[in-house]
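Bear in mind these aren't lab numbers, they're just calculated from the coordinates by the rules spelled out. None of these values were measured; they are calculated from a predicted model. All Cβ positions, even for glycine, are placed from backbone atoms using ideal geometry, and neighbour counts span all protein chains on display.
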Amino acid sequence: MIARPPLSRWSYRHVLDLAAFSQEDYATVLELANRFRALPMSGPRRLPALQGRLVTTLFFEPSTRTRSSFELAARRLSADVQSFSPASSALAKGESLLDTARTYVAMGSDVLVVRHGCSGVPALLARDLERAGCKVAVLNGGDGLHSHPSQALLDLFTLARHFNPDAPGLEALQRRRIVIVGDLLHSRVARSNLWALTACGADVVLCGPESLLPQGFEQFVSAPPPGQQLDPVPQRGSLRLERDLDRALEGADAVMTLRLQKERMRHHLITSLDAYHRRYGLNHERLQVCGKTVPVLHPGPVNRGVELSGDLLDDASVSLVEEQVRNGIPVRMALLYLMAATEDG
């Protein structure tokens with residue numbers, strides 16, 4: 001059985017976003033994820049940490065990576081897993097989201113991993129379930145344009161491992177220049193990454209067209225969100241906006257590009273996919289502006305030839321996309337493990 005790191009500061013029943021995470025919280029997740037990552041990939045893989053617990057994935061919108069990763073993480077911790085499918089549920093008969101969640105709680109669910117297309121649904125369910133006296137934990141698997149905490153944590157872990165494989169902690173991100181390029185306006189992944197990267201002392205450069213990156217984004221982490229009085233991070237890294245990708249890439253240590261949802265064209269937010277790729281797409285030639293070899297991340301799924309050229313995506317010496325997928329399992333194991341530890345306490 002893997003030894004638990006000190007958990008005296010871990011007090012979250014729910015994980016809904018990262019705005020309230022302290023540097024100690026990030027350090028705890030990274031340390032535990034690194035321990036899980038170090039476990040052998042062959043032979044017995046299951047740990048008894050969540051034996052007898054039930055993890056339910058309530059995904060009200062499609063997902064491949066996040067859902068599969070959470071379910072595999074839960075099984076590797078010996079939890080029982082059940083999945084919710086909207087198409088075959090009572091939602092079609094008029095059942096409310098809360099009643100759906102309470103149905104799974106009544107079946108014995110200890111953790112609900114909730115993904116929904118509307119912002120705030122996981123937080124709303126967590127609040128209403130608490131009012132109903134349910135002790136279930138809620139973990140946000142992505143909600144609307146708001147937050148995707150586990151994706152940002154696995155991105156953070158992937159970068160930390162890249163910069164310092166032997167000690168992938170917060171120090172690995174200090175003063176690193178991370179460029180995030182693309183559709184930040186509609187990206188819950190980007191919003192969560194802004195909280196995480198700046199908390200670890202990284203200097204973040206945002207790049208994209210004005211239609212997908214409003215000017216006010218450079219103030220995103222300047223004040224806690226509504227309902228939160230204080231920022232738990234005393235000194236964050238910097239955040240600035242740059243429209244020209246070549247200027248943004250100068251001196252970069254890593255680049256994260258975001259999926260462009262093609263429906264944005266119907267709303268006239270971009271003129272064409274080809275024009276977008278010419279201005280904001282990444283390839284080997286463009287990355288030379290960085291002045292060194294830098295890693296490229298993408299939350300997936302990737303539109304080849306739009307956000308990334310196909311040869312760049314397939315270049316394992318640069319692309320960390322598959323590494324992000326691999327790291328999603330130990331990071332989500334860490335989150336489930338910590339939430340179970342809180343339940344035990």
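Of the residues 17, 274, 183, the one that moves most in a GNM of the chain with alpha-carbon contacts below 10 Å is 274. Each residue of region 52-57 was assigned a 3J(HN,Hα) from its phi angle through the Karplus curve 6.51 cos²θ - 1.76 cosθ + 1.60 (θ = phi - 60°); the sequence is x, 9, 10, 10, 10, 9 Hz, with glycine and proline shown as x.
Would you tally the net charge around residue 38, using a Cβ to Cβ cut-off of less than 14 Å, leaving residue 38 out, and scoring K and R as +1, D and E as -1? Could the numbers behind the result be given before it?
Working: positive: 35, 37, 45, 76, 161, 326; negative: 31, 166.
The answer is +4.
Largest mean-square fluctuation among 330, 165, 149, in a Gaussian network model of the chain whose springs join Cα atoms under 10 Å apart, belongs to 165.
Kirkwood radius, region 149-324, all distinct C-alpha pairs, inverse of mean reciprocal distance: 16.3 Å. Stretching residue 243 away from residue 64 to a fully extended chain increases their span by 61.3 nm, per 0.36 nm per residue minus the current alpha-carbon distance. Couplings 3J(HN,Hα) for region 283-297, derived from phi with the Karplus relation 6.51 cos²θ - 1.76 cosθ + 1.60 (θ = phi - 60°), are 8, 4, 4, 5, 5, 4, 4, 5, x, 6, 6, 10, x, 10, 10 Hz, where x marks Gly and Pro. Rounded to the nearest Hz, the phi-derived 3J(HN,Hα) couplings of region 155-165 under the Karplus curve 6.51 cos²θ - 1.76 cosθ + 1.60 (θ = phi - 60°) are 5, 4, 5, 5, 5, 4, 5, 5, 6, 8, x, where x marks glycine and proline.
Under a 5 Å amide H cut-off, with hydrogens placed 1.01 Å from N, residue 81 pairs with 55 among residues at least 5 apart or on other chains. Placing unit charges on the Cβ atoms only, positive for Lys and Arg and negative for Asp and Glu, gives the chain a dipole magnitude near 520 debye about its Cα centre. Taking label positions 7 Å along the Cα-Cβ direction at both residue 317 and residue 103, the computed distance is 5.4 nm, reported to one decimal.
If r is the Cβ-Cβ distance from residue 127 to residue 95 and R0 is 22 Å, what FRET efficiency results, to the nearest 0.05?
For residue 127 and residue 95, the calculated efficiency is 0.70.
Between the residues 215, 151, 184, the greatest Cα displacement towards the positive end of the dipole of region 149-324, with unit charges on the Cβ of Lys, Arg, Asp and Glu, is found for 215. Annotation: amide H of residue 118 within the under-5 Å range of 144, sequence separation 5 or more or interchain, hydrogens built in the peptide plane.
Taking 255, 204, 221 in turn, the Gaussian network model of the chain (Cα-Cα springs below 10 Å) assigns the largest fluctuation to 221. Note on residue 211 and residue 271: their simple-model spin labels are 1.0 nm apart, each label 7 Å out from Cα toward Cβ.
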